[in-house]
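Below is one structure; the comments refer to it alone.
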Amino acid sequence: MTAGETPAQEASQAVTVLVLGILSLVVCGILGPIAWKLGNDELAAISAGRRPSENLGMAQAGRICGIVGTCLLGLGLLFLIFWLVLVALGIAGAIGESIRT
């Protein structure tokens, strides 16, 4: 490399981050944390100059979709736990009622 050359940039993963972020919202919430992590890595690489800055918007959008997908995944898991507790209490109540009679 001569004095005036810029170092070669790596291939961007911004499209991958965006696709994973959108899929985490629409199809499979477990992809949310993956999109969030890859988005953070992509933004760091863009800031360091290793990846093209033209993909900054896609990387940010994918990261945000990943964050929202992760939050929705967490809410879904909380709802599932709440539902399972209610079912367990209902079963325990039914068993207790049948023992008394």
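Only the coordinates and a few stated rules stand behind these numbers; no lab work does. Predicted model only: the values in this text are computed from it and were never measured. Cβ sites come from the backbone with ideal geometry, for glycine too, and all protein chains shown count toward neighbours.
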Please list, in order, the residues from the range 67-90 whose amide nitrogen is less than 20 Å from a point placed 7 Å along the Cα→Cβ vector of S98. 84-90
Taking Cα atoms, the helix 56-100 axis meets the longest principal axis of the chain at an angle in degrees (rounded to 10) of 10
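Compute the convex hull volume of the Cα atoms of the range 48-93, divide it by the residue count, and report the result per residue in Å³ as a whole number.
Spelled out: Cα convex hull of the range 48-93, divided by residues, is 63 Å³.
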Where does each of S47, S12 land when they are ranked from fewest to most other beta-carbon atoms within 10 angstrom? S47, S12
If you put +1 on each Lys and Arg Cβ and -1 on each Asp and Glu Cβ, how big is the dipole of the chain around its Cα centre, in Debye rounded to 20? 280
Could you rank the peptides 31-41, 71-81, 86-96, 50-60 by their average count of other C-beta atoms within 10 Å per residue, with the highest value first? 31-41, 50-60, 71-81, 86-96
In degrees, nearest 10, the alpha-carbon axis of helix 31-48 is tilted away from the dominant principal axis of the alpha carbons of the chain by 20
What's the angle, to the nearest 10 degrees (0 to 90), between helix 14-26's Cα axis and the longest principal axis of the chain? 20
Shape of the range 14-76 from its Cα gyration tensor (a ≥ b ≥ c, root eigenvalues): rounded if a/c is under 1.5, otherwise prolate when a/b > b/c, or oblate? prolate
Could I have the simple spin-label model distance between V85 and V15, label points 7 Å from Cα toward Cβ, reported in nm to one decimal? 4.6
